[in-house]
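Peer 1: Before I ask anything, here is the structure I am working with.
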Amino acid sequence: MAENNQTVATLIDEAAEQRKNQFLEFLSHEGHQGIVEKGAYKDMIPSMLANGQRRLVVSIDALRYYNQELTNDLLNNPAECLPAFDNALKEIVAAVGDGEEHDLSMPFYVGFNGSFGDHHVNPRTLRAMHLGKMVCIEGIVTRCSLVRPKVLKSIHYSPKTNRHFMHEYRDATTPGNSIPTGAVYPTEDADGNPLVTEFGYSTYRDHQTVSIQEMPERAPPGQLPRSVDIILDDDLVDRAKPGDRVSIVGIYRSLGNRNANQTSSTFKTVILCNEISLLSTKAGGGVAAPVITDNDIVRITELARKKGSFKILAQSLAPSIWGHEYIKRAVLMMLLGGVEKNLDNGTHIRGDINMLMVGDPSTAKSQILRYVLNIAPLAIATTGRGSSGVGLTAAVTSDKETGERRLEAGAMVLADRGVVCIDEFDKMSDMDRVAIHEVMEQQTVTIAKAGIHTSLNARCSVIAAANPIFGMYDLTKDPGRNIALPDSLLSRFDLLFIVTDTVDDVRDRQISEHVLSMHRYVKPGSEEGAPITELIDDIMGDELGDSLVEDDEIYEKFNPNLHAGVSKKNQSKILKSSFLKKYIYYVKNRVQPVLTKRATDRIINVYTSLRNDKEEDSSRKKTAPITARTLETLIRLSTAHAKARLSETVDDKDAKAAAEVLRFAMFQEVIKAKKNKRRRVVENDDESEEDESEEEEASEEPTAMEEDDEMRENDSTAVDNAMDEDMETESITPERLALFREKLNHVFNQRTHEDLESQTFDTIYMAINEGLSSRQAFSLMETEAALVEMSNQNQIMYSDGVIYRI
């Protein structure tokens, strides 16, 4: 019997030696296929030692090209292969490394990455057949335990016999198929002599447990997300924190039943981590990212260069929802986002845009939120009553097994670099609502509870929907009395839209026609009146099949039921949903536009005019307070508009579009623009489409809220028309300068009783254009040029947007 055992042990040693030699040859081999790196892995060891690392990451694709049999052995029997590979690495390190500079007595490890084929799983698809095999699993870290030391070897001294004893410890998580030992320190030797533990000579390793959950966007709807425990040892601890999206390679193993008295045969399973890599922290975490081909990039660039591309994109958002033109523009800007700034002094200025919709029931607020959930690369949905403050930010919980405190990430931390959709925002309690104040501006979650002090990233946009206090929006009351939210929270929302359900015969007919047409829509290929066949969702939840199909057409085909009230002749273009997803994902992180001087001047003028608006008209109330955050809102909206055009700079037209959306959100005010018809000889259809879209963009339908004063609109029409004229010329003719000088003197003479020797640019601009026809009105650039010219002739002093009389 003893001979048989010895023979088996010899065979195992020979197999391990053979694996070690094969891996030694692989590490020394040059010119690997299937990887980007050139040269042998052996040449990477000096730089690994110089960086203080102890894990050499090897591509399993290179190993597969080199030796298919060894790769299969590694995937199906990793507990035997990994210790042999680690020994091979240790030998090379001993030969290559410098013992004086680096501590070569420490253990060295081989980590794997690359394509794992059938062994690439997620927490939902882990099965019993994967036990004992190497798997690659992707998920989101939901909780981390504290890092604890774990004893590997203890040294004991017997004072009576003056001898030292060594004891090694192994458990179910130790690499290899070793038999577990007890975890109790020996207190006496074989003869009964007492032993003293020498802690300084004992060996310990760091040990940590993390839980990873399947991606929220990959979990099938209506089912709880699955999670799995991961054990991290030694150099892998603290490589991930709650909210990180990670890819983990490891051995799936059963720990056995801890309680011997139980009769249950179900065991706890864990994954022993071999290598952990953070997935991209950009939108979608690099996982839900759509597949973008070269062909897609060409079409995205072509669309971005078209005039009126922003309008096409905005009307392609939620085409099944009728109207809400400005809200759709705002949603598009929110999905694209601004540019966040991290200054050298540690200041973080957020680039994400937050928006709130308050209004009557049945005005499609929740439907817009539902659409954002589907179109955004990463979005998490919550409701006011269904979530608590700690559920949104982070919670400190106690571990079931060890009883120690640990951190669990909330919805906003999990949605880092994504969007959080909060429905029924007004139903949230005040205590819970305060918890999201910090997230919405500083974009971090700071925890100081139960001895845990930490700060987690929560760089997400918030889109929320709420009902007014009385259920319906009361137009006779101020916005502040309708919205039961404090100013401190409202100022954190960049845009606050009031959605009212006004009674209008024409509008009601259009909406009803649109809704009924949607109900009449039948999918192509299906028969009218036939029963609907149920489709089983893909377990992975991604749409690779759709995205890989090459399709040159990016617009939806015209359908009279889907495009209600639009004839085929003048149909507005609706982009396909799959292409829109690709466009948003590509454009969001592609460019970081920089502000230009003209855009900066316009943003300053808009902000100061909003801030100094005296609210002469009692029925025209602001929906939210105008604070310094409003200035940042204008910058973010302008940047998002520039991103949509794939522009490297934020131009004047971007600032103008941002101001338009903000004014609509503030006052429900639509700027009337002059329709400029130009005669041009066009050669192809594309150019004529661009002309049409440009004319459409210039002509907005004049709709305003019932309480807006018509007199104010009529007074500002001339000014608005002047703003929208072509502003390319920076000079002014002598005749126009004479007229300007005359009007300016008249303005100053009128205001002498106010004892004001200076006026702001905006005041002068409005006053000079009063009484002039739209053809005679001065544009912004003309006014600027005239003031500079008069300043040069010492007739006035013009500095920093202020005009002083001399």
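The values are calculated or read from the model by the stated rules, or taken from the named source; none is laboratory data. Predicted, not measured: the structure shown is a model, and the values here were computed from it. Cβ sites come from the backbone with ideal geometry, for glycine too, and all protein chains shown count toward neighbours. The area values use the complete protein model at the heavy-atom level, side chains included, leaving out ligands, DNA and RNA. Shrake-Rupley method; radii C 1.70, N 1.55, O 1.52, S 1.80 Å.
Peer 1: Do we find a residue being of a type in the set (A, V, I, L, M) and farther than 22 Å from Ile574 by Cβ anywhere in segment 359-380?
Peer 2: So in segment 359-380, the residues of a type in the set (A, V, I, L, M) come out as 364, 368-369, 372-373, 375-376, 378-380.
Then drop every residue that is not farther than 22 Å from Ile574 by Cβ, which leaves 378, 380.
Yes, segment 359-380 has at least one match.
Peer 1: What is the residue count in segment 765-782 for residues that are buried (at least 19 other Cβ atoms within 10 Å of the Cβ) and farther than 14 Å from Arg598 by Cβ?
Peer 2: Count: 6.
Peer 1: Only residues that are under 23 Å from Asp206 (Cα atoms) and assigned to a helix (DSSP H, G or I): list them for segment 46-65, please.
Peer 2: The answer is Met48, Leu49, Ala50.
Peer 1: Restricting to segment 485-500, give me the number of residues that are assigned to a loop (DSSP other than H, G, I, E, B) and touching a helix residue (DSSP H, G or I) at 6+ places or on another chain (Cβ under 6 Å). Even if it seems obvious, please write down each step before you answer.
Peer 2: Residues of segment 485-500 assigned to a loop (DSSP other than H, G, I, E, B): 485-486, 491-494, 500.
This time we only want the ones that are touching a helix residue (DSSP H, G or I) at 6+ places or on another chain (Cβ under 6 Å), so: 491-492, 494.
Total satisfying the criteria: 3.
Peer 1: Search segment 149-175 for residues being within 28 Å of Cys81 (Cβ to Cβ) and exposed (fewer than 15 other Cβ atoms within 10 Å of the Cβ), and hand back the single one that is modelled with the lowest pLDDT.
Peer 2: Once the filter is applied, the top-ranked residue is Asp171.
Peer 1: OK, next. Report, by residue number, each residue of segment 758-806 that is assigned to a helix (DSSP H, G or I) and more than 17 Å from Ile732 (Cβ to Cβ). If you could, list the steps in order and put the result at the bottom.
Peer 2: Applying the first criterion (assigned to a helix (DSSP H, G or I)) to segment 758-806 yields 761-769, 780-792.
Matches in segment 758-806: Asp762, Thr763, Met766, Ala767.
Peer 1: Does segment 372-386 hold any residues that are crowded, with 21+ Cβ neighbours inside 10 Å and either at pLDDT below 75 or not hydrophobic (A, V, I, L, M, F, W, C) (or both), and which are they?
Peer 2: Matches in segment 372-386: Pro377, Thr382.
Peer 1: Which of the residues that make up segment 619-659 are among the aliphatic types (A, V, I, L, M), under 22 Å from Glu325 (Cβ atoms) and outside any helix (DSSP H, G or I)? Break it down stepwise before answering.
Peer 2: Residues of segment 619-659 that are among the aliphatic types (A, V, I, L, M), as a first pass: 624, 626, 628, 631, 634-635, 637, 640, 642, 644, 646, 650, 655, 657-659.
With under 22 Å from Glu325 (Cβ atoms) added as a condition, the list becomes 624, 634, 637, 640, 642, 644, 655, 657-659.
If the condition is that a residue be among the aliphatic types (A, V, I, L, M), under 22 Å from Glu325 (Cβ atoms) and outside any helix (DSSP H, G or I), then Ala624 is the only one that fits.
Peer 1: Out of all the residues in segment 195-211, which are of a type outside the set (Val, Ile, Thr) and surrounded by 12 or more Cβ atoms within 10 Å (Cβ to Cβ)? So that I can check it myself, show each step before the final result.
Peer 2: Step one: of segment 195-211, the residues of a type outside the set (Val, Ile, Thr) are 195, 198-202, 204-208, 211.
Of everything in segment 195-211, those that are of a type outside the set (Val, Ile, Thr) and surrounded by 12 or more Cβ atoms within 10 Å (Cβ to Cβ) turn out to be Leu195, Glu198, Tyr201, Ser202, Tyr204, Arg205, Asp206, His207, Gln208, Ser211.
Peer 1: Sort out which residues of segment 573-605 are assigned to a strand (DSSP E or B) and surrounded by fewer than 18 Cβ atoms within 10 Å (Cβ to Cβ), and write them in order of number.
Peer 2: Step one: filter segment 573-605 for residues assigned to a strand (DSSP E or B), giving 575, 594-595.
Residue satisfying the conditions is Val594 alone.
Peer 1: Which ones in segment 392-417 are within 29 Å of Leu332 (Cβ to Cβ) and either β-branched (Val, Ile, Thr) or open to solvent by 10 Å² or more (accessible area, probe 1.4 Å) (or both)?
Peer 2: Kept after step one, since they are within 29 Å of Leu332 (Cβ to Cβ), are these residues of segment 392-417: 392-393, 409-417.
Correct list: Thr393, Ala409, Ala411, Val413, Leu414, Asp416, Arg417.
Peer 1: So, of the residues in segment 438-461 that are within 17 Å of Arg417 (Cβ to Cβ) and aliphatic (A, V, I, L, M), which turns out to be surrounded by the most Cβ atoms within 10 Å (Cβ to Cβ)?
Peer 2: Filtering first and then ranking leaves Ala458.
Peer 1: Turning to a different aspect of this structure: For the structure I just gave you, tell me whether Leu104 is open to solvent by less than 70 Å² (accessible area, probe 1.4 Å), more than 30 Å from Met215 (Cβ to Cβ) and assigned by the TED database to the domain that holds Asn76. It would help to see each step written out before you state the result.
Peer 2: Numbers: open to solvent by less than 70 Å² (accessible area, probe 1.4 Å): yes; more than 30 Å from Met215 (Cβ to Cβ): yes; assigned by the TED database to the domain that holds Asn76: yes.
Here the answer is yes, as Leu104 does meet what is asked.
Peer 1: Further, regarding this structure: Given the criteria out of contact with any Leu (no Cβ under 8 Å at 6 or more places or on another chain), surrounded by fewer than 18 Cβ atoms within 10 Å (Cβ to Cβ) and modelled with pLDDT under 75, does Ala260 qualify?
Peer 2: Numbers: out of contact with any Leu (no Cβ under 8 Å at 6 or more places or on another chain): yes; surrounded by fewer than 18 Cβ atoms within 10 Å (Cβ to Cβ): yes; modelled with pLDDT under 75: yes.
Against the criterion (out of contact with any Leu (no Cβ under 8 Å at 6 or more places or on another chain), surrounded by fewer than 18 Cβ atoms within 10 Å (Cβ to Cβ) and modelled with pLDDT under 75), Ala260 qualifies.
Peer 1: I'd like the full set of residues that are more than 23 Å from the chain's Cα centre (by Cα), more than 13 Å from Ala657 (Cα to Cα) and part of a loop (DSSP other than H, G, I, E, B), limited to segment 305-330.
Peer 2: Lys306, Lys307, Pro319, Ser320, Ile321, Trp322, Gly323, His324 - these are the residues of segment 305-330 that are more than 23 Å from the chain's Cα centre (by Cα), more than 13 Å from Ala657 (Cα to Cα) and part of a loop (DSSP other than H, G, I, E, B).
Peer 1: Oh, and also: Just give me the residues in segment 119-158 being in contact (Cβ under 8 Å) with a residue 60 or more places away in the chain and under 24 Å from Thr71 (Cβ atoms), in sequence order. Walk me through it before giving the result.
Peer 2: Start the filter on segment 119-158 by keeping residues that are in contact (Cβ under 8 Å) with a residue 60 or more places away in the chain, which leaves 122-126, 130-148, 150.
Those that are in contact (Cβ under 8 Å) with a residue 60 or more places away in the chain and under 24 Å from Thr71 (Cβ atoms): Asn122, Thr125, Leu126, His130, Leu131, Gly132, Lys133, Met134, Val135, Cys136, Ile137, Glu138.
Peer 1: If I filter segment 797-806 down to residues being surrounded by fewer than 20 Cβ atoms within 10 Å (Cβ to Cβ) and on the phi < 0 side of the Ramachandran plot, which single residue comes out as farthest from the chain's Cα centre (by Cα)? Steps first, please.
Peer 2: From segment 797-806, those surrounded by fewer than 20 Cβ atoms within 10 Å (Cβ to Cβ) are 797-802, 804-806; that's our starting set.
Keeping just the survivors that are on the phi < 0 side of the Ramachandran plot gives 797-799, 802, 804-806.
On the way: Met797: 48, Tyr798: 45, Ser799: 42, Val802: 42, Tyr804: 48, Arg805: 52, Ile806: 54 Å.
Per the stated criteria, the residue is Ile806.
Peer 1: Arg329 passes all but one of (1) surrounded by fewer than 22 Cβ atoms within 10 Å (Cβ to Cβ); (2) outside the structural domain of Met440 (by the TED database); (3) of a type in the set (D, E, K, R); which number fails?
Peer 2: (1)
Peer 1: Hey, another quick one. I need the full set of residues from segment 418-433 which are out of contact with any helix residue (DSSP H, G or I) (no Cβ under 7 Å at 6 or more places or on another chain) and open to solvent by 30 Å² or more (accessible area, probe 1.4 Å), in order please.
Peer 2: Of the residues in segment 418-433, the ones out of contact with any helix residue (DSSP H, G or I) (no Cβ under 7 Å at 6 or more places or on another chain) are 422, 424-430.
Within segment 418-433, Glu424, Asp426, Lys427, Ser429, Asp430 qualify.
Peer 1: If the requirement is being among the acidic types (Asp, Glu), surrounded by fewer than 19 Cβ atoms within 10 Å (Cβ to Cβ) and touching a residue at least 40 places away in the same chain (Cβ under 8 Å), which of these qualifies: Asp244, Asp234? Working first, answer last.
Peer 2: On the way: Asp244 fails: surrounded by fewer than 19 Cβ atoms within 10 Å (Cβ to Cβ).
Criteria check complete, one pass: Asp234.
Peer 1: If you go through segment 300-309 one residue at a time, do you hit one that is hydroxyl-bearing (Ser, Thr, Tyr), modelled with pLDDT of 80 or more, at negative phi and in contact with a Lys or Arg (Cβ under 9 Å, 6 or more places away or on another chain)? Let's see the steps before the verdict.
Peer 2: The first filter runs over segment 300-309 and keeps only residues hydroxyl-bearing (Ser, Thr, Tyr), leaving 301, 309.
If we keep only those that are modelled with pLDDT of 80 or more as well, we get 301, 309.
Checking the rest, the ones that are also at negative phi come to 301, 309.
So of that shortlist, the ones also in contact with a Lys or Arg (Cβ under 9 Å, 6 or more places away or on another chain) come out as 309.
Within segment 300-309, one or more residues are hydroxyl-bearing (Ser, Thr, Tyr), modelled with pLDDT of 80 or more, at negative phi and in contact with a Lys or Arg (Cβ under 9 Å, 6 or more places away or on another chain).
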